[in-house]
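A quick write-up on the structure given underneath.
The values are calculated or read from the model by the stated rules, or taken from the named source; none is laboratory data. Source: prediction; values computed, not measured. Note that we place each Cβ from the backbone using ideal geometry, even for glycine, and neighbour counts take in every protein chain shown. Heads up: the accessible areas ignore ligands, DNA and RNA and are worked out on the full protein's heavy atoms, side chains in. Shrake-Rupley method; radii C 1.70, N 1.55, O 1.52, S 1.80 Å.
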Amino acid sequence: MHVIVSGSASGIGLAIAKKFLDAGHSVTGFDLCRSAIDHPRYRHVAADIRSASAEGIEPAEILINNAGTLEEQDAIEVNLTGTIRFTRQFLESPKLRSVLFIASASARNGAEFPLYVASKAGLVGYMKNLALALSKRGVTVNSISPGGVITPANRHILESESLYAAVKAETLLGKWAEAEEIADLAYYLTAVNRSITGEDILIDNGEMLKSNFIW
């Protein structure tokens, strides 16, 4: 299958692209940064999703929207409206079987910066809207909402012993997820799954559930 992955140069997007390549699929990655992949079935497009064009790109069978920013001033424009714009370019593909969005646990608990939270919550809402629209074609549409993930974007936490200990203590399992774990779930939801659609799946090591019951 031909897979489109946005934000494929590092972190979760890179892990997802590698997962599909290892499984024998072809991947086109979009990212502002240079590619970290050298593979005969990988094509890299250096572009911002706010302006990237699908012209000349092979029709998508799987579309994975991972590109995003942590910068508060750009969050709505990149994470939400940019992703919607990017997505719409691939929806007419007659081969399309699945669309996936990488959202955030923050979309559920509101526990980050306001515009970032709003952008990810909006993304989950758009996912559900798209699931309704594409259901008649048999296309599945879902999102994954990761909690803490070990990626370069979180280096400032991972390199601080005190900060990393504090965030791990907020989870039930006492750890963060590896990017490859998100990639495994992304692969299942898009390449294997045929019956889950319109769902946002949380992968946060139990952080959302953790609570102290006082009787």
Every listed condition ((1) open to solvent by less than 60 Å² (accessible area, probe 1.4 Å); (2) at pLDDT 95 or above) holds for Leu173 save (1)
Over the stretch 95-114, the set of residues surrounded by fewer than 17 Cβ atoms within 10 Å (Cβ to Cβ) and modelled with pLDDT of 95 or more is Lys95, Pro114
Condition check: among the aromatic types (Phe, Trp, Tyr), over 18 Å from Gly198 (Cβ atoms) and either free of Cβ contacts under 8 Å to residues at least 12 places away in the same chain or open to solvent by less than 10 Å² (accessible area, probe 1.4 Å) (or both). Does Phe30 satisfy that? yes
Matching residues in the stretch 15-27 (closer than 22 Å to Gly56 by Cα and buried (at least 24 other Cβ atoms within 10 Å of the Cβ)) number 3
Selection from the stretch 43-75 of residues in contact (Cβ under 8 Å) with a residue 60 or more places away in the chain and not aliphatic (A, V, I, L, M) yields Glu61, Asn66, Gly68
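Looking at Ser106, is it in contact with a strand residue (DSSP E or B) (Cβ under 6 Å, 6 or more places away or on another chain), within 23 Å of Glu180 (Cβ to Cβ) and without any contact (Cβ under 8 Å) to a residue 60 or more places away in the chain? Reasoning before the result, please.
Details: in contact with a strand residue (DSSP E or B) (Cβ under 6 Å, 6 or more places away or on another chain): no; within 23 Å of Glu180 (Cβ to Cβ): yes; without any contact (Cβ under 8 Å) to a residue 60 or more places away in the chain: yes.
Against the criterion (in contact with a strand residue (DSSP E or B) (Cβ under 6 Å, 6 or more places away or on another chain), within 23 Å of Glu180 (Cβ to Cβ) and without any contact (Cβ under 8 Å) to a residue 60 or more places away in the chain), Ser106 does not qualify.
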